[in-house]
Structures are given as structure tokens and as C-alpha cells.
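Data block below; observations after.
Any read-out appearing in this document is the output of simple, stated calculations on the displayed coordinates, not a laboratory observation. Remember, it's a predicted structure, so these values are computed and weren't measured experimentally. Counting neighbours? That spans all protein chains shown, and the Cβs are built from the backbone with ideal geometry, glycine included.
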Amino acid sequence: MRGVRWLLLKDLQILRRSPLQAVLLVAYPILIAVLVGFAISRGPEDPRVAFLNEVPPNTRINVGGAELPKSNVKEQICKRVECVFIDDRDEAEAKVESGDVLAALILPADLVNKINSLSTLAPGVPEVEVLVNEENAVKAELVDDRLTTLLAEANLRIARRIGNEGGRYLGLIVNGGSFELLGESIPILGLRTSARILKAVAPALPPRLRPSLEQVTEFALQARENLDVAKPLIDRLAQPVKIDKVVVGGESPPLEIFAIAVAATLTLAFVVVLLVAGSLALEREENAFPRLTRGLVSETGLLGEKVLLGVAVGLVVTLLMLLGMKAFVPLDLGRIGLWLLAILVAAAALGAAGAALGAAAREVRAVSLLAFMVTLPIAFLSLVPSGAVGAEVFDAIRYVTALFPFKPALEAITAALDESGQGIGGPLLHLAVLFAAYATIARVALRRFAAV
Amino acid sequence: MRATGVVKRFGEREALRGVSFEAGPGELVAIIGPNGAGKTTLLSILAGIASPDEGEVGAASGTVGWVPQQAALYRRLTVEENLLLFARLEGHRDPHASAAEMLELTGLRERRGEIVARLSGGNQQRVNIAIGLLSRPAVLLLDEPSVGLDPRQRARLWEFVSGLAGGGTTVIFSTHDIQEAERYGGRMLVLADGESLFDGSAEELREAVRREAPEQADRDFETAFVAYLHHRGH
């Protein structure tokens, strides 16, 4: 243990003497913390969309000769995007071309007339016009998604209003009442009252006429009952399928907690793997390994010292990063014990993996390259959710990511930060198994270090 | 220091084939031979870095100091920090005193605070030797210690090493510089293809060359030595 202490001190001295490394170790997590913090705390901004409404004022959607109340489609759209009101089509084109707005939405003058024609024998096709600049594929996809969603919502809103009006008229036919036409109130008797009147007058009729009257009465009763059923059907027509979301597994923490856990795990993984692998390879590059293992320190002791170095530096850097994040997102400091446990176990497993890489690659440059080539893709693969790729590919990803400590480290840190996700026990056990496996690989690979 | 019937194999290749020799206190033994003769392998086995496949090695008493061919030290630490680190790892009671003693002995006191990477190759080698001497070993093994040194640094190195031998330290060094071996080695062990061809003084080696390659006996020592190796089938 005496040797381990002095070697640890020596590695920290070397780290202090490498300004670039030291700056990277401190600056990198702070940069990540600030970036993720800003991204989480500000949220996405609404896209700017130019809005040109050419529909004449006071034009209203008309169903069966009656105007529907205003549906405020414009207000609804402008709630979801930042509307830039413009005066004509040329201005719309100019703003889209210059990139001032993401797209332009034009409601043509005949839009309402065409909607009104839907209930006639010669229905038109109501259309709105969207101007987009597709210089960037991602931007084009974003515009498509946003506007398609907005128009689907607008269609749904109009369909609901039409359905409501239809339902009101059905109510008049079934129950009776009155409605306004050309400024006059017209009374409607309704099927219910008609049936009651017919039943009341039946005894006063001659017996030969009664069967015919009873048929009419029966029709009125059946029509009323059937039309009662029709009203909810019309209501459902606007949105026939509703989403009923039931969570059956994969209980997840809030998105901002997950984002912090990803940033923290990524930092921990890079710092620990690179530091442990690099410092171990440095012992060979400096030719110090044979001198050290001539009785000054055992090979296992040397490996332990490197993992300890990674754990110590990784713990400090990750804790600093999480405390930096706390300025942006409320993290529960009451769980700091679990934070420490998760970081320590994760850092130990990542350190063992780094030691195995360092012992296998042996040269500092090769080790750095290898550490990046392994850690980065594994980190990306670990973030692929189920369903995002085919089942077989996802199974392959699951097996590959289970072999490296990044994913269980992410799960452990997420569980330590927030209680709503999965428990911390499983990931910690997984990390412990990986620690043992990588430590064994590193110990075996280290034998090649001593080769003359 | 004693080696008896040392054999070392790397796969199919035999790097050492039953090498035996002894070196007593105060002796300066030069291990010479062409590249690939097995000099570094023999020194590594004597130092305990590698183990022999057959045979035995051992020192009668005291520790064995080892100075590898390539400086085994931390280039981002200062001269003094390197010495302190190894003194602490060796468990010295007063690491600062041990480091100061070595700085004095190797003439590096003025440069104690310099980062090793900024020192010349010769001075790095002096630090390398100083680390090997920290434990005040009874036997000092030096693997091609003068490689990369200029003539002045070389002269200082051998003056220092001869002083150690004069003080009773057994010094065993490898070199492929025949003149250096002749000048500083009290005894010579000639290795070729892992085989021990000769063990004796420089004068005895000259005598052996005269016997084995009489036509080359009047040439310079290096040419005569190469002819000797050729006559012995190497």
C-alpha cells in the first residue's frame, strides 16, 4: 500500500505538470455542464412562421345554412409558433428565402368558401399554402413536422365544431326547440313531442284510422331512439380514435434528470477511461514498469493505483459537474450519498476497463485513440431506445452495451439522481461484475508489459 | 553474483544457451557481443526482470541495482522528484537524505529542480544510474550505459562507475563497443547467439584471438575480435 500511495502522488504531480490535460479535465466537464444546463433550462424556442390571412374578414364557416361560431384557428396556430404577420405573398417569399422565418403559412381568400362547399353537392378541396426553404434537410423535416401537426390540429378543431353543430340540429329534431333563420325564430316540434301528441290524439280517431296513426307514432319513437344514438357517433367522428397511454414498463425519470445523467456519465467515462489507460501506458513508455515491478510494487498494486487515480479524479470532476448543473436544475442534495455510491462504483468499473485497454494497447497515443474509439460508439449505442431500430439490431446493441460499463453507469447515476426511475441495485451489481471481469483482463494483459 | 547454466527461450529461439559465470566484489565485468547475442536478456535475468527457463542466478549478499539501457524514469518530474519517488518506493528511512546523496554522487545537485525531459541524454542517463544506485547495491547491472553519450560524458560516466567498483561494488555492464570493454572491463564475457564464447581478461581475449585467428592478430582489437567470432562460427 505504501508504494501505491507514492505512485498516486507521482501521477497527480504528472497530471499537474500537463497543463493541457489538467485544463481539459476541469474545463471539459464545466463546458458540458453549462451547455446541458442552458439547453435544459431554456427549452426549445418556437419557430418563426410568416402568417398571411387572405380570407375576407367576418367570413364564417357555414353548416346547413347556419354560420359556425369563430373557431380562432389563427390564434391557435400562433400559440404554437411565433407568427410574423405579413401583408402579401411577395413578402412571404422574401422572408422564407432570407431565412428570417422557417416557413410561411398562407390562408387563401377562398378557403372558407371551399370549406362551406363540403356540405354541398359540388364539394371543393380546401387548401392552405405553405412556403418553405429546403436548403437544409433537417430544417425541412422540422417544418414538415410542425406544420403537419398544426394543420391536423386545425382540421380537428373545425371538425369538432361541425360535429357540435350537427349534434345541435339532431337535438332539435329529437327534442324540439327553435332555431334562428334570417333573423326569425322558427319553432321545431321534435320527434319526442310529435310522438306524445300522436299518442294523445289516437283515442279520438275512428278505429279504422288508428292502425295507420300507430305506425306513424311507432316511427317517431324509433327515430327518436336511433337519433339519440347518432349524436355521440357524430361527436366521435371528429376524433374516432383516442390515445389511452398506459405505462407497462421502463418507468423513466424527468427528461432533464436523464440529460444530466447522460452528461455526467459521459464525462466520467471519458475522464476515467482515458486517464487510467493513458497513465498505465505511460509507465511502459517511460520504461518505468520493469523498474517498478522489481519488488517496489506488485503488478496488481500498480493496476489498483491506476484505477484509484481514475476513481479519485473522476469523482471530483463529476461531482463538480453535478454541482454546476444544480445552478440550472433543482437536484436533490439529500441523495448525495447515492450520487457518491453510483459515481464510485461506476468509476471503478470504467477504470478497470481503462486499465484493460491501457495494458492491451501499451502506447499512450494508441491508448488514447482506442479509448475514444471504444467509449464514444458505446456511449451512443447505449442511448438508442428500444423501438428506434429493428428488434434484432436492438438485441445486438443490448448485448454489446452490456459488455462495457457505460450503460450500467448511466443507469446507476440516473437512479442516484432521481427516485422515479429503476432501482440502483441492478446497475451496481452489473458494474461490480464488469469491474471483476476487466480487472482480470487487465491483470493478464499486463504480463506482456514485462516482455524484454 | 553467480549464474549457472542459464537458458532462456523465446518461442523456438534460444536467446541464452547455458550461460555460466561468476563476478566477485569490486569486479568490473563487461558483457560483449554483437547485436542479438543475448546481452540484455542475460542482464534482465540477473536483475530479476525476466526468469530463466533453465539454470540459476543469485547474488551472495546485498541488493542488485539495475540500470536499463533506456532511461527508466519520469520525464515530467524533476531530477529530485524522481530520486525521492524511488527512494520512497524502496522504503528508505530518510528519502530526502538518500536523494541528496545521489545528487551529490552523480554531480546533479545543481540540476535537482529541472524537469528530466529538458535534460540532455547524458544527464538523463546519470539520473537513470542514480536511481539504480539509490539502494547502495552490492551488485550494479548496467545495460549499455554509454549509448548516446558524448565522449566527455562517457569519460565522466566511466570514472564514476570505476569509482564504485573501487569501493567494492560488483559492476556488470553490457556493451558492443569493444574498445570501451577493453578499456574499462576488468573481465570480459563474450556472448554470441546466446552462447558464452569466452570469459577472462582483455589480455586473455587477445591471446585467444591470436590462437583462433593468427592472421588477424596484429590488426586492431575490434577487427581481431570480429575475426575470432567468425572463426567460432558466428
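The table below lists the values:
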quantity: Average partner coverage of B:71-78, which counts Cβ from other chains inside 10 Å; calculated: 6
quantity: Beta bridge orientation in chain B: antiparallel %, DSSP, nearest 5; calculated: 50
quantity: Total formal charge among the other residues, if their Cβ is under 15 angstrom from that of A:ARG398, Lys/Arg +1 and Asp/Glu -1; calculated: -2
quantity: Spatial separation of Cα centroids for region A:75-117 and region B:62-98, in angstrom; calculated: 78
quantity: At R0 = 35 Å, FRET efficiency that the Cβ-Cβ distance of A:VAL433 and B:GLU12 yields, to 0.05; calculated: 0.35
quantity: Part-to-part distance (alpha-carbon centres) for region B:132-150 and region A:306-337, which is given in Å; calculated: 47
quantity: FRET E, pair A:ASP100, B:GLN179, Förster distance 60 Å, beta-carbon r, rounded to 0.05; calculated: 0.10
quantity: Helix-only mean residue ellipticity at 222 nm for chain A, each DSSP H run of n ≥ 4 adding -39500 (n - 2.57), per residue, nearest 500; calculated: -22000 deg cm²/dmol
quantity: Spherically averaged projected area in nm², based on the convex hull that wraps the Cα atoms of region B:154-214; calculated: 4.7
quantity: All aspartates and glutamates inside 12 Å of B:LYS39 as judged from Cα atoms, apart from same-chain residues fewer than 8 positions distant; calculated: B:ASP143, B:GLU144, B:ASP193, B:GLU195
quantity: Nearest-ten-degree value, helix A:406-417 long axis tilted from longest Cα axis of chain A; calculated: 70
quantity: Counted charge near B:LEU108, where neighbours are those whose Cβ lies closer than 11 Å (Asp, Glu -1; Lys, Arg +1); calculated: 0
quantity: Region B:1-48 and region A:170-215: distance between their alpha carbon centers, rounded to Å; calculated: 122
quantity: Per-residue mean of C-beta atoms belonging to partner chains within 10 Å, peptide A:291-297; calculated: 5
quantity: Expected 222 nm ellipticity per residue - DSSP helices of 4 or more, -39500 (n - 2.57), all of chain B, to 500; calculated: -11500 deg cm²/dmol
quantity: Computed lengthening from A:LEU205 to A:THR59, 0.36 nm per intervening residue step minus Cα-Cα distance; calculated: 47.4 nm
quantity: Largest to smallest principal axis extent of the C-alpha atoms in the protein assembly as shown, angstrom; calculated: 157, 57, 52
quantity: Assigned charges on the beta-carbon of Lys, Arg, Asp, Glu; region A:48-176 dipole about Cα centre (debye); calculated: 940
quantity: A:SER178-A:ARG160 pseudo-label distance in nm [points 7 Å out on the Cα-to-Cβ vector]; calculated: 3.1
quantity: Protection-proxy order for peptides A:402-414, B:80-92, each taking the mean of Cβ atoms within 10 Å per residue, highest first; calculated: A:402-414, B:80-92
quantity: Sites A:GLU214 and A:LYS242, calculated FRET efficiency, Cβ-Cβ separation with R0 51 Å, nearest 0.05; calculated: 0.75
quantity: Exposure proxy order (Cβ contacts within 10 Å, fewest to most) of A:THR293, A:THR149; calculated: A:THR149, A:THR293
quantity: Cα-based helix-to-principal-axis angle, A:191-201 vs chain A, degrees rounded to 10; calculated: 30
quantity: Mean Cβ count within 10 Å, highest first, over the residues of peptides B:42-48, A:12-18; calculated: B:42-48, A:12-18
quantity: Fraction of antiparallel bridges per DSSP, chain A only, in percent to nearest 5; calculated: 55
quantity: Packing-based order for A:203-211, B:186-194, using average beta carbon neighbours within 10 Å, highest first; calculated: B:186-194, A:203-211
quantity: Cα shape, region B:73-136, gyration tensor, a/c 1.5 rule; calculated: prolate
quantity: Where labels lie 7 Å past Cα in the beta-carbon direction, separation of A:TYR399 and B:ARG109 in nm; calculated: 6.8
quantity: Fewest-first ranking of A:SER212, B:SER98, using other Cβ atoms within 10 Å as the exposure measure; calculated: A:SER212, B:SER98
quantity: Tilt relative to chain A, helix A:255-285 - C-alpha long axis, 0 to 90 degrees, to 10; calculated: 20
quantity: Estimated distance in nm for a label pair at A:LEU369 and A:ALA27, the labels positioned 7 Å out from Cα along Cα-to-Cβ; calculated: 2.5
